[in-house]
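For reference, the structure is listed below as structure tokens.
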Amino acid sequence: MAKLSEQELHNLAMNIVGKDLEANGYEFLGINSTLKRNPQFVALKNKKLHFVIVRAVLYPDDPKSIDHVLMTTIRDHAVKFKAKAFYAGVGIANSSDLEKPVTSEDDYVVNYSGIQAYE
């Protein structure tokens, strides 16, 4: 069983957030799925610019827990562009046993409740 790499987990989280943003009327101006490159999404909604940071968070960590040092940097950068900063934590776990790693062969469960504004 192949355990998903950090990049594969990140891509999975990116897909979940991307579909959510699209469904909520966001227009993508830029998408960056490279690990450690921020923001992941630069998007427009209602003529407002949005910078969205995406993080794949493995069980038992809380996907709503924000890295304030990172997000303060992103927010300060966003202000220069008259943009808003958002955080999107996506919890991912093995559905058969939360303690097991997420693999390409097993089903997984997602804990995602949308993007959170960071002001």
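The values are calculated or read from the model by the stated rules, or taken from the named source; none is laboratory data. All of these numbers come straight from a predicted model, not from anything done at the bench. When we count neighbours, we look across all protein chains shown, and the Cβ atoms used for this are built from the backbone with ideal geometry, even at glycine.
Summary table below
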{"read-out": "Filter pass, Val69 being aliphatic (A, V, I, L, M) and more than 14 Å from the chain's Cα centre (by Cα)", "value": "yes"}
{"read-out": "Count - residues of the stretch 19-32 that are among the basic types (Lys, Arg) and surrounded by 14 or more Cβ atoms within 10 Å (Cβ to Cβ)", "value": "0"}
{"read-out": "Filtered residues of the stretch 46-67 (kept if without any contact (Cβ under 8 Å) to a residue 24 or more places away in the chain and touching a strand residue (DSSP E or B) at 6+ places or on another chain (Cβ under 8 Å))", "value": "Asp67"}
{"read-out": "Any pair with Cβ under 6 angstrom, 6 or more apart, that starts in the stretch 1-14 at a residue that is farther than 16 Å from Asn111 by Cβ and ends at one that is of a type in the set (Asp, Glu) and loosely packed, with under 12 Cβ neighbours inside 10 Å", "value": "Met1/Glu105"}
{"read-out": "Selection count where residues are assigned to a strand (DSSP E or B) and under 14 Å from Asp62 (Cβ atoms), scope the stretch 88-101", "value": "6"}
{"read-out": "Filter result (surrounded by 10 or more Cβ atoms within 10 Å (Cβ to Cβ) and more than 10 Å from Ala83 (Cβ to Cβ)) within the stretch 37-51", "value": "Asn38, Gln40, Phe41, Lys45"}
{"read-out": "Flag for Tyr87 being farther than 21 Å from Ala117 by Cα and among the aromatic types (Phe, Trp, Tyr)", "value": "no"}
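For (1) closer than 20 Å to Asn46 by Cβ; (2) at pLDDT 95 or above; (3) of a type in the set (D, E, K, R), each residue gets a yes or a no:
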position: Val69; (1), (2), (3): no, yes, no
position: Thr73; (1), (2), (3): no, yes, no
position: Asp76; (1), (2), (3): no, yes, yes
position: Ala83; (1), (2), (3): yes, yes, no
position: Val90; (1), (2), (3): no, yes, no
position: Ala93; (1), (2), (3): no, yes, no
position: Glu99; (1), (2), (3): no, no, yes
position: Glu105; (1), (2), (3): no, no, yes
position: Val109; (1), (2), (3): no, yes, no
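Yes or no, residue by residue, for (1) buried (at least 18 other Cβ atoms within 10 Å of the Cβ); (2) not small (Gly, Ala, Ser):
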{"residue": "Val17", "(1), (2)": "yes, yes"}
{"residue": "Leu35", "(1), (2)": "no, yes"}
{"residue": "Val57", "(1), (2)": "yes, yes"}
{"residue": "Pro60", "(1), (2)": "no, yes"}
{"residue": "Ser65", "(1), (2)": "no, no"}
{"residue": "Ala78", "(1), (2)": "yes, no"}
{"residue": "Ala83", "(1), (2)": "yes, no"}
{"residue": "Gly89", "(1), (2)": "yes, no"}
